[in-house]
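What follows is one structure encoded as structure tokens, with my remarks underneath.
The values are calculated or read from the model by the stated rules, or taken from the named source; none is laboratory data. Model, not experiment: these values are computed from the prediction. To get the accessible areas, we keep the full protein, side chains included, count just its heavy atoms, and leave off ligands, DNA and RNA. Shrake-Rupley method; radii C 1.70, N 1.55, O 1.52, S 1.80 Å.
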Amino acid sequence: DHTQKIYVILDPCHMLKLLRNVFSTVGVLVREDGQQIMWKYIEELHKLQEKEGLRLGNKLKMAHIQWRNQKMK
């Protein structure tokens, strides 16, 4: 019935995971203004934080970098 409305409610946590998965798989996202956002910077931030033994106000962990090991969790 084309008169019926359909409502969609997106789960923010799931949407963030999907974005992370695409971002890490593709490696580069391009903003509207042409600037590139690169996954390698996320990996480099994690390496720096592990080397220094601290986190810079985020919860970035190895599980976020190597998400493919736990993608069905």
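Counting protein heavy atoms only, region 10-61 has 60 percent of its accessible area on carbon and sulfur, 1.4 angstrom probe.
Ligands, DNA and RNA excluded, the heavy atoms of D33 present near 90 Å² of accessible surface to a 1.4 Å solvent probe. Cross-link partners of K40 among aspartates and glutamates, defined as those whose alpha carbon lies under 19 angstrom from its own and excluding same-chain residues fewer than eight positions apart: E50, E52. Rg/Rh, computed from the Cα trace of the chain with Rh as the Kirkwood radius, has the value 1.13.
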